[in-house]
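Report on the structure given below.
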Amino acid sequence: MTLRYRCFALRLLKMAAAFKKFRSEDILSLYKSAYNTKIPWKEVFEEETENYFSIFEKATNCSRSLVLSSVLSLTSTLCGPNTKVTVGDNSYSTVLNQYIVAVCAPGGGKTNTYYKVIDPVVEKIKEKHGIAIQLEAYTTAGLQKHQLNNQGYGIITCDEGHRFLSSVNVKQSKGEGERSLLCKMWGGKGDSSILVTGTRGFSKTSMSCCLFIQPQPLLSELCQLGGDDGLMDRFLFCVAKPVFNTTAITKANVPLLRDTKLQSFENVMNNIYEEHLAGKHYKLSADAESVFDGLIDSYSDYMNAKYGSDHEEDKENETPNLNISLDDSEMMTSKDTIHILRLAAVLHVFQHSFSCGLNDGCYTPTPLEITKSRLKQAMVLYNSLSQQKSLFVQAIASCDRDTPALHLKPVATFRDRVAKAMCKSCGPFVTIRQLQKRLKRSLAENIKIELEMLQQNGFGTLKTLKTRHGKRNFFFKIPGNCIDMEIGAHSTIIKSVGINIDTYESTFNDLSTLTDEEKT
């Protein structure tokens with residue numbers, strides 16, 4: 001037996017060991033926690049779009065979270081390899097490629113979503129324009145050939161996404177380069193090979209991924225997908241609640257869908273493809289650029305804090321970190337800001353084309369400027385998607401691998417952790433900086449989004465006030481001495497964080513940690 005064969009056999013044994021069955025009750029608990037970290041649809045899409053997604057879900061039994069995954073990946077693909085989004089004077093620029101893992105329950109409608117959303121679009125593009133968008137071969141040679149023959153367009157779609165992830169793992173164990181190629185293609189870069197007959201390859205790509213997968217195989221594959229190449233940092237996770245509408249609900253919504261000008265996404269996506277054939281150059285508006293600059297600066301702050309010195313003068317100059325993190329999973333990378341910028345561009349392109357198709361069917365050119373509100377929508381969406389992903393990452397990191405059936409330790413959503421830290425903070429209000437100290441590695445903008453959610457639920461008020469140290473964000477909690485009727489609507493939140501109403505009231509009335517300025 002050669003050394004190479006023995007190494008390969010050891011890798012296979014290691015992979016097989018990781019495919020132990022997880023306990024079903026653990027998987028169900030994790031899955032529920034993930035999809036209960038809901039996407040705030042009204043804050044991500046315009047009202048008409050959100051309403052359409054709801055009608056489409058009820059009329060077709062396609063979960064709107066799975067539809068969202070399909071829409072994001074399709075839009076980024078169809079914008080083509082010549083479309084990009086930049087900030088400022090082009091010093092920060094990126095393509096729109098998206099890698100998305102759509103997580104759903106067994107029988108949760110993923111096949112239905114694929115055949116109603118993705119398949120009709122790729123077939124129409126192929127029939128009308130002769131471009132085969134969908135990739136079938138996942139080898140390096142297959143990817144190169146497909147991209148070369150189709151001008152850099154491509155989308156990897158798998159109804160059973162674990163087959164694709166497993167294929168990447170096996171090829172990686174054999175020393176093949178599909179994994180590194182996927183990393184390159186996420187950045188829009190091409191690839192080439194020198195052959196006896198000449199050079200084969202492509203210069204740039206808009207290839208994206210949309211993998212539909214169930215929780216059990218996803219966890220098994222995540223056990224294998226470690227490494228320092230950042231492959232999984234390039235993937236977004238979108239966790240969907242199963243949708244099984246009654247026949248009465250379906251029959252009531254089919255006419256509503258028929259009454260709209262869009263029976264499907266085919267015309268919307270075909271318009272996106274045709275508009276971007278020559279490529280387009282999107283830019284952030286001035287006020288959106290200011291917000292994005294804060295994200296970039298905050299990542300710099302994070303890196304300096306992590307790898308810099310611990311001198312007191314550095315601590316005095318410390319500024320709040322506004323970058324979106326993956327909460328407690330130690331997965332923060334510069335790719336977070338790239339994800340947000342790409343999502344802003346993809347939402348911008350899709351929303352414009354969708355609104356044209358839904359209203360009068362007359363498609364107009366997409367404006368080249370991305371507004372601050374659109375960037376904020378992308379930040380809210382990414383906040384939810386990153387939290388869903390972090391739960392799976394935490395679960396894998398904490399599982400007990402010595403048991404016959406792998407045991408996943410309970411994980412808390414970032415939303416619950418923010419609520420708990422807020423409820424347990426002394427005094428009638430709490431600052432974001434105080435919450436950051438309680439929530440290790442959790443950053444200001446991430447916390448602020450969750451406090452805004454609590455405010456919408458009537459749990460308190462978020463205000464920005466001037467102090468002698470500058471502007472600070474304060475969250476004023478609901479009074480601890482509310483009568484039962486008034487606090488009753490919020491008792492679920494208080495109980496979910498592990499405290500009772502009496503404890504909440506005592507911490508609310510505790511002023512011991514307040515400064516003299518805060519007391520006045």
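The values are calculated or read from the model by the stated rules, or taken from the named source; none is laboratory data. Computed from a predicted model, the values in this text were never measured in an experiment. Positions of Cβ are backbone-derived with ideal geometry, glycine not excepted, and every protein chain shown enters the neighbour counts. Ligands, DNA and RNA are stripped out before the accessible areas are found, and what is left, the full protein with its side chains, is counted by its heavy atoms. Shrake-Rupley method; radii C 1.70, N 1.55, O 1.52, S 1.80 Å.
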**Message:** Any residue in the range 367-390 that is among the aliphatic types (A, V, I, L, M) sitting within a Cβ distance under 8 Å of a residue that is part of a loop (DSSP other than H, G, I, E, B) and open to solvent by 30 Å² or more (accessible area, probe 1.4 Å)? List the pairs, counting only those 6 or more apart or interchain.
**Reply:** 368/280
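Here is a list: 32, 38. Which entry is open to solvent by 10 Å² or more (accessible area, probe 1.4 Å), part of a helix (DSSP H, G or I) and within 30 Å of residue 247 (Cβ to Cβ)?
Working: 38 fails: part of a helix (DSSP H, G or I).
32 is the lone residue from the list that is open to solvent by 10 Å² or more (accessible area, probe 1.4 Å), part of a helix (DSSP H, G or I) and within 30 Å of residue 247 (Cβ to Cβ).
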**Request:** Quickly run through the range 331-346 and pick out the residues that are touching a helix residue (DSSP H, G or I) at 6+ places or on another chain (Cβ under 6 Å), open to solvent by less than 30 Å² (accessible area, probe 1.4 Å) and either of a type in the set (D, E, K, R) or at pLDDT 90 or above (or both).
**Result:** 339, 340, 343, 344, 346
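So which of 114, 138 ends up being touching a strand residue (DSSP E or B) at 6+ places or on another chain (Cβ under 8 Å), hydroxyl-bearing (Ser, Thr, Tyr) and under 28 Å from residue 245 (Cβ atoms)?
None of the other options fit; the residue is 114.
Do we find that residue 118 is closer than 25 Å to residue 32 by Cβ, hydrophobic (A, V, I, L, M, F, W, C) and either at pLDDT 90 or above or surrounded by fewer than 19 Cβ atoms within 10 Å (Cβ to Cβ) (or both) in this structure?
Working: closer than 25 Å to residue 32 by Cβ: no; hydrophobic (A, V, I, L, M, F, W, C): yes; either at pLDDT 90 or above or surrounded by fewer than 19 Cβ atoms within 10 Å (Cβ to Cβ) (or both): yes.
Judged against the criteria, residue 118 is not a match.
Quick test for you: out of 157, 75, pick the one residue that is part of a helix (DSSP H, G or I) and closer than 19 Å to residue 235 by Cα.
75
Which one of these is open to solvent by 30 Å² or more (accessible area, probe 1.4 Å), modelled with pLDDT of 95 or more and not aliphatic (A, V, I, L, M): 312, 275, 289, 316? Quick ask: steps written out before the conclusion?
Details: 312 fails: modelled with pLDDT of 95 or more; 289 fails: modelled with pLDDT of 95 or more; 316 fails: modelled with pLDDT of 95 or more.
Step by step, each of 312, 275, 289, 316 is checked, and only 275 is open to solvent by 30 Å² or more (accessible area, probe 1.4 Å), modelled with pLDDT of 95 or more and not aliphatic (A, V, I, L, M).
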**Fill in**
Filtering the range 41-52 down to residues that are open to solvent by less than 60 Å² (accessible area, probe 1.4 Å) and within 11 Å of residue 358 (Cβ to Cβ) yields 49, 52
**Prompt:** Between residues in the range 96-107 that are on the phi > 0 side of the Ramachandran plot and residues that are at pLDDT 95 or above, which pairs lie under 7 Å by C-beta distance while being six or more apart or on different chains?
**Reply:** none
**Prompt:** Would you call residue 113 open to solvent by 20 Å² or more (accessible area, probe 1.4 Å) and among the hydroxyl-bearing types (Ser, Thr, Tyr)?
**Reply:** no
